[in-house]
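Here's the structure, in structure tokens; my notes come after.
Any read-out appearing in this document is the output of simple, stated calculations on the displayed coordinates, not a laboratory observation. This structure is a prediction, so every number in the text was calculated from the model and none was measured. Every residue, glycine as well, gets a Cβ built from its backbone with ideal geometry; the counts of neighbours run over all protein chains shown.
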């Protein structure tokens, strides 16, 4: 691996982007607008160039330095982490002849996953999912531009799941170094989808733990339901994100773009099948979560019914006892029983026999 800057086959840098988007959108690309739910991070750049015989990796400081090192006959993979430098995205669009709407979509991180064929390049939007330290999932938009000689990936924040692809490139094993840019685009999309499976495994472990805790006491019911609702919320959001990814994979499979090598059809078919498996797993987990919720609520209701039955039995036993105590608690002067020496213990004995008889009756009825 070499980190030196290559000079062979440099392309002239000519800004070719018009200031106003075609089609009358009115958006000036001289002032691109970032749209997202979090503050953009400072951009970091990297460039990996390779063919079957050699590979180099550099970390330039700006877009101009990257584009000056582009080489014909090699695969050029540009990775941009962070969207704070919006002017750099505009300049990149100018150098690569990207449509104005493509630049707008790159800076708008609220888009659904999709694929668009612009002839000279394919523009793909997908979602990369990452598990945060606080056990929540971070959703990040990844824009991928595929041209004849380059693949540009643009992310919202530093950090990604492309490590396995980089390792395969460095190792030189497999077909990755021998295939065109479209295979690199497939490999990047494939590793993003593969990362979905690791997150699903983690969600499955969470559901198993919640299922084991399904018999939680009433005191822990609120915490249990909060954890279960959080898991269901993650799965619902993941389903909304992955569903259009499946459509993107299907569009790539049936695309007639000349940028996609025909040899990639089996690979895109596998990518589509993997997204279908992810969606099916999410649906299965959602049903499991709903089942856990129903079982938990049913167990809580059963437990509450048991408590209410016990309280009802106790109240029923005390009804005749309360009646007897109430009768002898009345302030009448002529109550003969009060003058008898054995009246007090006899009253206690009568109440005890009544309580014991009722308990025996309830036991025979299998109410307790």
Next item on the list: Among 33, 245, 75, rank each residue by its count of other Cβ atoms within 10 Å, from fewest to most, as a rough exposure measure.
Entry: 33, 75, 245
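In whole Å and largest first, what semi-axes does the C-alpha gyration tensor of the stretch 36-169 yield when each eigenvalue is scaled by 5 and square-rooted?
Working: eigenvalues 105, 68, 42 Å².
Equivalent ellipsoid of the stretch 36-169: 23, 18, 14 Å, largest first.
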Checklist line | Volume per residue that the Cα convex hull of the stretch 308-364 spans, once the total is divided by residue count, Å³ | finding: 69 Å³
Item checked: Principal axis box of the stretch 93-238, alpha-carbon based, largest edge first, Å -> 63, 38, 22
Notebook entry, point to check: In what sequence do 148, 364 fall when counting other Cβ within 10 Å, fewest first?
Noted result: 364, 148
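If each DSSP helix of 4+ residues adds -39,500 (n - 2.57) and the sum is divided by the residues in the chain, what number results at 222 nm, nearest 500 deg cm²/dmol?
Numbers: 8 runs with 184 residues, N = 368.
Here the helix-only value at 222 nm equals -17500 deg cm²/dmol.
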Checklist line | Residue exposure sequence - 95, 139 - by fewest surrounding Cβ within 10 Å | finding: 139, 95
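Per residue Cα convex hull volume for the chain, in cubic angstrom?
On the way: hull volume 82.9 nm³, N = 368.
In the chain, the Cα hull volume divided by residue count equals 225 Å³.
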Notebook entry, point to check: Where does each of 163-173, 119-129 land if you order them by average Cβ count within 10 Å, highest first?
Noted result: 119-129, 163-173
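Mind pulling the per residue volume of the convex hull built on the Cα atoms of the stretch 188-271? Å³ is fine.
Values: hull volume 7.2 nm³, N = 84.
Taking only Cα atoms, the stretch 188-271 has a hull volume of 86 Å³ per residue.
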Check: Out of every Cα pair in the stretch 251-352, what percent are spaced more than 16 Å from each other?
Finding: 78 percent
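Could you grab the relative contact order for the chain? Cα pairs under 8 Å, six or more apart, rounded to a whole percent.
Values: 488 pairs, mean separation 48.2, N = 368.
Reported as a whole number, the value is 13 percent.
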